[in-house]
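K.L.:
Please find one structure pasted underneath; my questions will follow.
The values are calculated or read from the model by the stated rules, or taken from the named source; none is laboratory data. A quick note: this is a predicted structure, and the numbers were derived from the prediction, not measured. Every residue, glycine as well, gets a Cβ built from its backbone with ideal geometry; the counts of neighbours run over all protein chains shown.
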Amino acid sequence: MSLIDLVRDAGIVGAGGAGFPTHIKLDAKPEYLIANGAECEPLLRSDRRIMEKNAAGIIRAMKAVAEHSGAKKLVVATKRHYEAAVAALEKAAAGTGVALHLMKSTYPSGDEQTLVYDITGRVVPTGGLPLDVGVVVSNVATLLNIAGALDGKPVTNKVITVSGAVKNPVTVEAPIGTPIGDLIEAAGGFESGNPDDYEVIIGGPLMGFVAKGLDEPVTKTTGGVLPLPKGHKLLAYKKVNIEKQAKLAKAVCCQCSVCTQLCPRAALGLGVEPHKAMRALSAEKGKLLGNPNGVFSCCDCGLCSYYACNFGLAPSVIMGTFKKSLMGQGVKAKKEVRGNVDPGIESKKVPAARLLSRLALSKYDRDAPLVPFTVKTPELRIPLKMHIGAPCRAVVEKGAAVSAGTVIGLPQGLGAVIHASLSGTVTEVTGEYIAIRA
Ligand code: SF4
Ligand code: SF4
């Protein structure tokens, strides 16, 4: 069986991103294969723990991908201060030809385009992919899943950091479908003990989203679970109201353009101009000013909102709104690199500690050791959409007996196979999930 078939059958999607099917990404002939262990988002520790514990698996997967694709330059990118992970990777990579690229603790160091430029000096064009410049980037968690696929193991679990306002931050490996409430319990529960005092961010502090409730399930792309006290400034940023933002932009945006000056994608010469998006909100009745193609290069890192703007405005949200609107009008991104890389690009990287301080998150910057995890809930709901593209179609019916690893959903077009993450009986099948009782 080819590597692509093994990866497809294992249901692997990008574990650190939007859930792009890995078997499609790997069907390429790159020069570089970059393992992304930068763990861009502050507070998260899952990639760090994965590298500490499974460095050999990551290197093994990289060698397998290189053998399949012909990639000659293999690089693992991670942070210099992840000492135990670096030591484990150095040991596992010795004599294999895999190099380590060690970075400072800055944000957004793990942004794919930033990483590609840091390592190769090449700029991925707007509307393009790293493959356009001969590179495939894969998250270390995804590579570990590829190592599992080589042994016939499908994706049924996810390594997740549970941090923020919990008693004891931890990193756990949880079956897909586990409600996030179980994960918070594994971290000793909410700081005050009262769940009503908190809201929960799923993902990292900057790019994550606010959970609807504690029964939201772990998916193949969940990287973090971060409760924060209600009223925390980060939660307010995540609930920006566009009409209110337009009024604020008109009243207080002084067009200082600091948001654009600190934008990592603008620094790559990709023509991203959040200050013009803000101006459009107030000055031109919503008509986008400046370079509309640059909007497609916004990676939603949030730096313009969470760090750059001194007036508490949220240009990243507005960029996202414009992007959606352009896509809705059928506008497609044009492949282009608009300008030169900013010679001061290095100095624009934001130290993670400073970012945490700005976001009032420094007190949550705590270790989150990997600990054993047991699911408390007897019934798990496994989502049918954990990848980009349409949801999978269920291939089991209510009452069916399944084992952990049984195929329960198949993609309809672009997507990835879904497997049962526990053994038991199927109790419910909807268009959104399959419930399995242990
Ligand atoms: S959104 Fe903020 S940082 Fe950007 S131009 Fe306006 S005031 Fe300046
Ligand atoms: S979110 Fe803001 S800083 Fe980040 S890429 Fe988009 S415009 Fe640039």
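K.L.:
Of the conditions (1) closer than 26 Å to A353 by Cα; (2) part of a loop (DSSP other than H, G, I, E, B), G269 clears all except one; give me its number.
P.N.:
(1)
K.L.:
Yes or no: V252 away from ligand 2 (no atom under 13 Å from the Cβ) and in contact (Cβ under 8 Å) with a residue 60 or more places away in the chain?
P.N.:
yes
K.L.:
So is V76 without any contact (Cβ under 8 Å) to a residue 40 or more places away in the chain and either of a type outside the set (K, R) or over 22 Å from K385 (Cβ atoms) (or both) or not?
P.N.:
Considered against the rule, which asks whether it is without any contact (Cβ under 8 Å) to a residue 40 or more places away in the chain and either of a type outside the set (K, R) or over 22 Å from K385 (Cβ atoms) (or both), V76 comes out as no.
K.L.:
While we're here: The conditions are (1) part of a helix (DSSP H, G or I); (2) within 16 Å of H68 (Cα to Cα), and D132 fails exactly one of them. Which is it?
P.N.:
Failed condition: (2).
K.L.:
Next up: Which numbered condition in (1) modelled with pLDDT of 90 or more; (2) within 11 Å of ligand 1 (Cβ to nearest atom) is the only one that Q245 fails?
P.N.:
Checking Q245 against (1) modelled with pLDDT of 90 or more; (2) within 11 Å of ligand 1 (Cβ to nearest atom), the one that fails is (1).
K.L.:
Sticking with this structure for a sec: Given the conditions (1) more than 15 Å from E273 (Cα to Cα); (2) more than 9 Å from ligand 2 (Cβ to nearest atom), and given that T321 satisfies all but one, which numbered condition is not satisfied?
P.N.:
Only one criterion in (1) more than 15 Å from E273 (Cα to Cα); (2) more than 9 Å from ligand 2 (Cβ to nearest atom) is unmet by T321, namely (1).
K.L.:
Let me ask something else about it. Being among the hydroxyl-bearing types (S, T, Y) and part of a strand (DSSP E or B) is the filter here, so list the residues in the stretch 167-191 that pass it.
P.N.:
T171
K.L.:
Anything in the stretch 339-354 that is part of a helix (DSSP H, G or I) and within 12 Å of ligand 2 (Cβ to nearest atom)? List them, or say none.
P.N.:
Listed by number, the list holds a single entry, K348.
K.L.:
Based on this model, can you work out whether C304 counts as more than 13 Å from ligand 1 (Cβ to nearest atom), modelled with pLDDT of 90 or more, of a type outside the set (S, T, Y) and crowded, with 24+ Cβ neighbours inside 10 Å?
P.N.:
In short, no.
K.L.:
Scan the stretch 377-394 residue by residue and report those that are more than 16 Å from A10 (Cα to Cα) and in a loop (DSSP other than H, G, I, E, B).
P.N.:
Those that are more than 16 Å from A10 (Cα to Cα) and in a loop (DSSP other than H, G, I, E, B): T377, P378, I388, G389, A390, P391.
K.L.:
Those residues that are in contact with an Asp or Glu (Cβ under 8 Å, 6 or more places away or on another chain) and assigned to a helix (DSSP H, G or I), I need them from the stretch 56-92; list them, please.
P.N.:
A84, A85, A88
K.L.:
Looking only at the stretch 313-338, count every residue that is surrounded by fewer than 13 Cβ atoms within 10 Å (Cβ to Cβ) and either outside any helix (DSSP H, G or I) or in contact with a Gly (Cβ under 8 Å, 6 or more places away or on another chain) (or both) and tell me the total.
P.N.:
Of the residues in the stretch 313-338, 3 are surrounded by fewer than 13 Cβ atoms within 10 Å (Cβ to Cβ) and either outside any helix (DSSP H, G or I) or in contact with a Gly (Cβ under 8 Å, 6 or more places away or on another chain) (or both).
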